[in-house]
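Peer 1: Sending over a structure as structure tokens; questions will come in a sec.
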Amino acid sequence: MAEAALKGGFENPPIDSARAFRRITNAMARPGKIETLVGATPPPPMSVAAGTVLLTLCDPDTSLALLETLNNQEIRDWVTFHTGAPIVSAQRADFVFGAWDNVRPFQTYKTGEAQYPDRSATLVIEWEELKNRGAHLQGPGIKDIAFLNLPSVQPFVENAALFPLGIDFLFCSDDQIAGLPRSTKVSESS
Amino acid sequence: MNEYNFAYLDEQTKRMIRRAILKGLAIPGYQVPFASREMPMPYGWGTGGVQVSAATLTPEDIFKVIDQGADDTTNAISIRKFFQKVTGIKVTDKTIDATVIQTRHRIPETSLTEDQILVYQVPIPEPLRFLEPYETETRKMHALEEYGLMYVKLYEDISRHGAIATSYAYPVKVEGRYVMDPSPIPKFDNPKMEMAAIQIFGAGREQRIYALPPYTQVVSLDFDDYPFEASKADHVCDICGSSDTYLDEVIVDDQGGRIFVCSDTDFCAAQQSAALESSE
């Protein structure tokens with residue numbers, strides 16, 4: 001294992017993860033709201049935000065999948081050293097990390113069971129940038145309407161139609177994060 | 001080593017609770033199972049709320065704890081002191097100053113803002129539990145959206161009492177999907193649940209966490225001809241004179257003398273000091 005894998009973790013795990021969790025909570029509870037998320041420094045090309053989500057939420061109890069560009073030896077070593085989370089196939093993973101180009105189709109992932117819709121995957125997607133424009137978001141956590149520059153609309157419409165099943169999304173770009181739970185109704189900007 | 005880890009719980013436990021909270025926020029009103037821990041207080045004293053607060057608090061937070069609206073009751077004081085000891089964060093009695101509020105059985109009278117989180121202590125999270133004792137069955141009922149039994153219960157209330165007699169823990173439907181127990185808050189508080197703050201519910205003994213993102217649609221169950229009514233004692237507060245707050249009835253002597261006072265002590269105190277200032 002390279003020495004680089006030992007670096008880039010939280011400096012003060014209880015405090016850093018508490019602060020990070022508040023940002024992630026805000027992102028998930030207020031779809032479209034863009035939060036700054038820092039704390040971890042994962043190996044490239046994983047973003048700071050995605051790495052911080054990983055260290056805040058993943059541990060030996062959670063399986064995770066690294067897709068394509070994020071599935072390199074440095075990142076695998078870093079994940080294993082800092083979290084001990086088992087790396088599994090995308091079909092079985094509780095958390096899936098990948099760039100937008102590599103995460104579709106969403107049918108691949110766990111959507112939960114009728115009696116336990118929480119047993120579903122959370123997708124952490126690397127996206128170029130996050131802006132409050134583009135697709136219209138409505139639903140829980142949104143007062144009237146919110147906007148987010150989603151890379152596509154149709155896959156998220158289909159995911160929301162599965163409610164209460166479905167997968168939940170965290171979009172990451174650099175040190176920014178925005179949430180899109182299954183409860184959000186997405187529509188094209190008119 | 002003689003200090004507690006920040007917020008008492010170990011990091012792996014906090015991660016487990018945090019994952020449950022996020023799934024709860026993603027599926028509003030659905031009860032997420034979690035591996036509730038033994039806390040240094042008995043079940044029934046708010047261990048669910050305490051675990052949610054422990055997983056949620058940051059060093060920058062200002063924490064408020066209320067029990068039936070009051071900051072100065074045993075349960076509220078002991079939980080507040082517990083978190084002061086294990087986190088060192090600031091605490092307050094003032095609703096407007098708090099960033100995280102843990103509550104037992106009330107929603108503060110002052111409207112909460114987007115920068116606040118309300119954590120509920122929940123004894124029985126399953127609204128169908130007293131109608132159907134088996135968890136395997138209530139799971140199925142939620143999965144199938146089979147809530148007829150709850151309406152029968154409300155109907156029986158009407159046939160027996162002439163009105164829906166359920167006055168607290170009044171069942172609500174969240175975003176037209178899950179029927180949820182709002183914890184034993186008075187039904188007077190039900191309409192406040194569509195609020196700007198994040199609401200997280202923790203049931204320690206029953207090992208469930210559920211949540212409501214801001215502005216989530218929360219509808220109290222009722223019938224067209226017996227609409228929901230957010231009732232309260234037909235009085236004004238005998239201390240501050242407020243007419244639109246939830247009141248506690250307090251026995252004041254051995255002759256049956258009684259007064260009605262605001263259950264929200266912070267709100268009542270603020271009204272009193274405002275009245276005092278305007279009279280000076």
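The values are calculated or read from the model by the stated rules, or taken from the named source; none is laboratory data. This one's a predicted model, so the numbers in the text were calculated from it and none came from an experiment. All Cβ positions, even for glycine, are placed from backbone atoms using ideal geometry, and neighbour counts span all protein chains on display. To get the accessible areas, we keep the full protein, side chains included, count just its heavy atoms, and leave off ligands, DNA and RNA. Shrake-Rupley method; radii C 1.70, N 1.55, O 1.52, S 1.80 Å.
Peer 1: Work out from phi, with θ = phi - 60° and the Karplus expression 6.51 cos²θ - 1.76 cosθ + 1.60, the ³J(HN,Hα) of each residue of the range B:89-101, listed in order in whole Hz, and give x for Gly and Pro.
Peer 2: Whole-Hz 3J(HN,Hα) from phi for the range B:89-101: 7, 6, 10, 8, 9, 8, 4, 5, 8, 7, 9, 10, 10.
Peer 1: Counting only GluC sites (Glu not before Pro) that are in a DSSP loop and have at most 13 other C-beta atoms within 10 Å, tell me the longest site-free stretch of chain A. Before the final figure, lay out the partial values.
Peer 2: On the way: sites that count: A:Glu11, A:Glu113, A:Glu128, A:Glu129, A:Glu188.
Between exposed loop sites, the widest span is A:12-112.
Peer 1: Inside 10 Å of the C-beta atoms of A:23-34, what's the mean count of C-beta atoms belonging to other chains?
Peer 2: 5
Peer 1: Please report the equivalent ellipsoid semi-axes of the range B:37-188, computed as sqrt(5 x eigenvalue) of the Cα gyration tensor, largest first, in whole Å.
Peer 2: 32, 17, 14
Peer 1: Straight-line reach from B:Lys81: which lysines fall under 26 Å, measuring Cα to Cα and dropping same-chain residues less than 8 apart?
Peer 2: Counting by Cα, and skipping residues close in sequence, B:Lys81 has these lysines nearby: B:Lys14, B:Lys64, B:Lys90, B:Lys94.
Peer 1: Still on this model: Please state the equivalent ellipsoid semi-axes for the range A:3-180: what are the square roots of 5 times the Cα gyration tensor eigenvalues, largest first, in whole Å? Don't jump to the answer; show the numbers that get you there.
Peer 2: Working: eigenvalues 122, 69, 45 Å².
Working from the Cα gyration tensor, I get semi-axes of 25, 19, 15 Å.
Peer 1: Taking only protein heavy atoms into account and a 1.4 Å probe, give the accessible area per residue of chain B in Å².
Peer 2: Numbers: 12310 Å² over 280 residues.
Dividing the accessible area of chain B by its residue count gives 44 Å².
Peer 1: Can you give the alpha-carbon Rg of the range B:1-110 over 2.2 N^0.38 Å, where N counts its residues?
Peer 2: On the way: Rg = 13.8 Å, N = 110, 2.2 N^0.38 = 13.1 Å.
Ratio of Cα Rg to 2.2 N^0.38 Å: 1.05.
Peer 1: Would you mind giving the average projected area, over all directions, of the Cα convex hull of the protein assembly as shown in nm² with one decimal?
Peer 2: Values: hull surface 104.5 nm².
Seen from a random direction, the Cα hull of the protein assembly as shown projects 26.1 nm² on average.
Peer 1: How big a patch of accessible area, both sides summed and in Å² to the nearest 100, lies buried between B and A at a 1.4 Å probe? Provide the component values of the computation, followed by the final result.
Peer 2: On the way: alone 14000 and 9390 Å², together 19990 Å².
In total, this chain pair buries about 3400 Å².
Peer 1: Let me check something: with ligands and nucleic acids excluded, how do A:Arg104, A:Arg30 order by accessible area (1.4 Å probe), largest to smallest? Intermediate results must be reported in sequence, preceding the final value.
Peer 2: On the way: A:Arg104 115, A:Arg30 15 Å².
Largest to smallest exposure gives the sequence A:Arg104, A:Arg30.
Peer 1: For the range B:123-140, just list the computed ³J(HN,Hα) in residue order, Karplus coefficients 6.51, -1.76 and 1.60, θ = phi - 60°, integers in Hz, with x standing in for Gly and Pro.
Peer 2: In residue order, the calculated couplings are x, 10, x, 8, x, 8, 4, 7, 9, 9, x, 8, 4, 4, 6, 5, 4, 5 Hz.
Peer 1: Can you run phi through the Karplus equation (6.51, -1.76, 1.60; θ = phi - 60°) for the range B:263-270 and list ³J(HN,Hα) in whole Hz, with x for Gly and Pro?
Peer 2: Going residue by residue, I get 7, 7, 5, 5, 4, 4, 5, 5 Hz, with x marking Gly and Pro.
Peer 1: Which GluC sites (Glu not before Pro) in the range B:150-204 sit in a loop by DSSP (not H, G, I, E or B) and have at most 15 other Cβ atoms within 10 Å of their own Cβ? If you can, show how the numbers build up before the last one.
Peer 2: On the way: sites: B:Glu156, B:Glu175, B:Glu194; in loops: B:Glu175, B:Glu194.
Those satisfying the criteria are B:Glu194.
Peer 1: Evaluate the range A:76-156: find the radius of gyration of its Cα atoms, find its Kirkwood radius, and give the ratio Rg to Rh. Spell out each step's value before the answer.
Peer 2: Numbers: Rg = 15.2 Å, Rh = 14.9 Å.
On the Cα set of the range A:76-156, Rg over Rh gives 1.02.
Peer 1: Using 5 Å bins from zero, what percent of all Cα-Cα pairs in the range B:165-264 falls into each bin?
Peer 2: Final binned percentages: 2, 11, 17, 19, 17, 14, 10, 6, 3, 1.
Peer 1: Here is a follow-up. Output the direction-averaged projected area (hull surface divided by four) of the convex hull of the alpha-carbon atoms of chain B, in nm².
Peer 2: Numbers: hull surface 71.0 nm².
Seen from a random direction, the Cα hull of chain B projects 17.8 nm² on average.
Peer 1: Please compute the Cα-Cα pair-distance distribution of the range A:36-80 with 5 Å bins starting at 0, giving whole percents from short to long.
Peer 2: 5, 23, 34, 26, 11, 1
Peer 1: Can you give the accessible area of B:Ser167 in Å² (nearest 10), computed on protein heavy atoms with a 1.4 Å probe?
Peer 2: 60
Peer 1: Something else about it: First compute the accessible area of the range A:3-180 with a 1.4 Å probe, then give the percent of it belonging to carbon and sulfur atoms. Show your work: numbers first, answer last.
Peer 2: On the way: 3300 of 6950 Å².
About 48 percent, which is the carbon plus sulfur part of the accessible surface.
Peer 1: Then there is this: Run through the range B:83-162 and list the chymotrypsin sites (Phe, Trp or Tyr not before Pro) located in a DSSP loop whose Cβ has at most 11 other Cβ atoms within 10 Å.
Peer 2: Answer by residue number: B:Phe130, B:Tyr134.
Peer 1: Moving on. Could you give the size of the charge dipole of the protein assembly as shown about its Cα centre, using +1 on the Cβ of each K and R and -1 on the Cβ of each D and E, expressed in debye and rounded to the nearest 20? Intermediate results must be reported in sequence, preceding the final value.
Peer 2: Values: 43 positive and 64 negative charges, 221 e Å.
I would put it at about 1060 debye.
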